[in-house]
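S.K.: Got a structure here, written out as structure tokens. Questions coming.
The values are calculated or read from the model by the stated rules, or taken from the named source; none is laboratory data. Since the structure is predicted, the reported quantities are computational estimates derived from the model, not experimental observations. Virtual Cβ from ideal backbone geometry, glycine too; neighbours counted across all protein chains shown.
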Amino acid sequence: MHLHVASITVDLYRDGQYSAKGSGVQQIRARVAGRHLAADRWLEVLNPYDGSEVGRVPACDPTHVDAACRAAVVALSRGDFPQHRRAQVLDAAAVLLAERGEEFARTVVLESGKPVRDARVEVHRSVDTLRSSAAAARTLAGDMVALPASARGQGRLGFALRVPIGVVAAITPFNFPLELVTHKLGPAIADGCPVVLKPSERTPISAIRLVDLLVEAGLPHDWVSVVTGTGEDVGAALVAHPVPRLVSFTGSIGVGRAIERAAVGKRVDLELVSNAPVIVEPDADLTRVAEAIRTAGFSNAGQSCVCPQRVLVHESRHADLVRALRDAVATLVTGDPLEEATHVGPLISPRETSRVAAWIGAAADEGAIVVTGGKVVGRLLHPTVIDQPPLHSDLYRKEILGPVVTVTPYADFTEAVRLANDRDFGLQVGVFTSSVATTLRAVRELDFGGVLVNEAPTWQVGQQPYGGARGSGNTREGPSYAVQEMTELRFVMLSA
Ligand code: NAD
């Protein structure tokens, strides 16, 4: 990413197109405090596939963050965006997004390098999330409190209202530039919380366009601001600003912990990393396992927090599974993410590609077997299966965030559970078995936010509670759960 300092006049976003005067490059103005920003400093957004410039977005600074936060306070205090209208806006936005699905999918491809087949899934899931958020807006209510259950409560009426927590600071990562933004904005709008959104500086365009679409669907123009810029400049200023009552963050563990320390006096919701395990029992259907891992392990080039990374297989099926994975993965097409046939595109940056390639090399130097892949051709790392990485290697211990799946044999289910649980992360885990007894043990003993039986850990729908145990986070997304996080309970007691 490069910073441009220039004085530029741009046309507004019109009819689904962004245009620029005096430049061949699209300059995409983010909405801050109700207006498209007239920036004089711009950030380049680069296409990870070929390094070309996709567009420029404003390089915001703390003064923009302050303006956005102040506008959010004014929007909240107007009190003119009632629950039924919030539901209508979310439904209307879902319709618009579905209509413009291809346009949004293309934006996601260009700025993130995600293959178009995966980008379409992301758009589809974002539409679902907006719909679920509309449903959450329609059903949001408080609880009755059984006051007469105490002698002191006799003859009184008690209930707890759900009131918006206030302004939400939402900070999102690069790997799902549309969907993760809908997971923050949908519930916040449902609740009646204005938002200051800081999208990834590497993939900010989908977020800017989504907020424009929400305004087109009827969202008050100053309800959501998008402050584009780096984490150090803009993200840190947003976290430190006194206005937001909640920081909702999805991203890496280091940044998550830094935010936790900096957000003094605020609620902090964290969706963090994982290195997702898959357990393959002796009674599993290996063809099904190989197909699930082929699809889930390499979609978005493995850049998902729940991509199967550590395949733990019973030793009796180890050799068979390695062969099945080798054959299945060999059929994946690596290439231009805009091509329909492509399964695996580039990583978000050449630097990330080098990092993952170095981890593969280091594991191989210590005896891990490269079953397939491992090669970098241009900007593309070919889908890779590694058998028996050392348990102390980065490839096994850390989150890879690349198109690499490792295989580790185990002797019995007790060992499998120990291996699955022995890292600091606990987002989702997959278990392949046909035994009810093993399933029940898995559900009891695996310390994860989600235990998926006969499925890869990537499987997800917007309405489920999604989030991590242990180091993987402290909250649950999915609109009907996130709306609880973004509200506070106000107890009311009525006495005659
Ligand atoms: P990242 O942590 O580098 O950046 C995430 C966001 O934080 C970006 O917008 C960035 O600009 C901002 N940021 C950086 N420093 C900041 C600071 N000091 N203060 C405030 N904001 C700051 O993550 P990334 O590389 O964009 O995304 C990949 C990571 O996200 C992976 O670790 C992945 O596991 C995680 N992730 C988790 C989930 C989940 O649901 N648990 C989903 C997707 C991605």
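S.K.: Would you say residue 335 is free of Cβ contacts under 8 Å to residues at least 40 places away in the same chain and either more than 16 Å from the ligand (Cβ to nearest atom) or out of contact with any strand residue (DSSP E or B) (no Cβ under 8 Å at 6 or more places or on another chain) (or both)?
M.R.: no
S.K.: Quick one: would you say residue 443 is in a helix (DSSP H, G or I), surrounded by 21 or more Cβ atoms within 10 Å (Cβ to Cβ) and either assigned by TED's automatic domain parsing to the domain that holds residue 156 or away from the ligand (no atom under 16 Å from the Cβ) (or both)?
M.R.: no
S.K.: Give the residue, chosen from 170, 160, that is more than 16 Å from the ligand (Cβ to nearest atom) and not aromatic (Phe, Trp, Tyr).
M.R.: So the residue among 170, 160 that is more than 16 Å from the ligand (Cβ to nearest atom) and not aromatic (Phe, Trp, Tyr) is 160.
S.K.: Moving to a separate point now. Scan segment 138-166 for residues that are among the aliphatic types (A, V, I, L, M) and in contact (Cβ under 8 Å) with a residue 60 or more places away in the chain and jot them down.
M.R.: Answer for segment 138-166, where residues must be among the aliphatic types (A, V, I, L, M) and in contact (Cβ under 8 Å) with a residue 60 or more places away in the chain: 140, 145, 147, 157, 160, 161, 163, 165.
S.K.: Which number in (1) in contact (Cβ under 8 Å) with a residue 24 or more places away in the chain; (2) outside any strand (DSSP E or B); (3) more than 10 Å from the ligand (Cβ to nearest atom) marks the one condition that residue 306 misses?
M.R.: Condition not satisfied by residue 306: (3).
S.K.: Looking only at segment 238-265, which residues are surrounded by 22 or more Cβ atoms within 10 Å (Cβ to Cβ) and in contact with a Pro (Cβ under 8 Å, 6 or more places away or on another chain)?
M.R.: Selection gives 238, 250, 251.
S.K.: Only one of these is within 16 Å of the ligand (Cβ to nearest atom) and modelled with pLDDT of 95 or more: 462, 450. Name it.
M.R.: 450
S.K.: Out of contact with any helix residue (DSSP H, G or I) (no Cβ under 6 Å at 6 or more places or on another chain) and within 27 Å of residue 283 (Cα to Cα): which single residue out of 353, 331, 342 fits that description? Full working, then the answer.
M.R.: On the way: 353 fails: within 27 Å of residue 283 (Cα to Cα); 342 fails: within 27 Å of residue 283 (Cα to Cα).
Criteria check complete, one pass: 331.
S.K.: Tell me which residues, restricted to segment 209-241, are over 21 Å from the mean Cα position of the chain (by Cα) and modelled with pLDDT of 95 or more.
M.R.: Once the filter is applied, which keeps residues that are over 21 Å from the mean Cα position of the chain (by Cα) and modelled with pLDDT of 95 or more, segment 209-241 yields 215, 216, 217, 218, 219, 220, 221, 222, 223, 237, 240, 241.
S.K.: Check residue 254 against each of (1) closer than 26 Å to residue 78 by Cα; (2) without any contact (Cβ under 8 Å) to a residue 24 or more places away in the chain and name the one condition it does not meet.
M.R.: If we test residue 254 against (1) closer than 26 Å to residue 78 by Cα; (2) without any contact (Cβ under 8 Å) to a residue 24 or more places away in the chain, just (1) comes out false.
S.K.: Go through segment 104-139 residue by residue and tally those that are of a type in the set (D, E, K, R), over 19 Å from residue 54 (Cβ atoms) and over 14 Å from the mean Cα position of the chain (by Cα).
M.R.: Counting residues in segment 104-139 that are of a type in the set (D, E, K, R), over 19 Å from residue 54 (Cβ atoms) and over 14 Å from the mean Cα position of the chain (by Cα) gives 4.
S.K.: Between a residue in segment 48-62 that is without any contact (Cβ under 8 Å) to a residue 12 or more places away in the chain and any residue that is surrounded by fewer than 24 Cβ atoms within 10 Å (Cβ to Cβ), which pairs come within a Cβ distance under 8 Å, given they are 6 or more apart or on different chains?
M.R.: From segment 48-62, the pairs are 52/46.
S.K.: Among the residues of segment 261-294, how many are over 19 Å from residue 466 (Cβ atoms), of a type outside the set (Lys, Arg) and more than 15 Å from the ligand (Cβ to nearest atom)?
M.R.: 14
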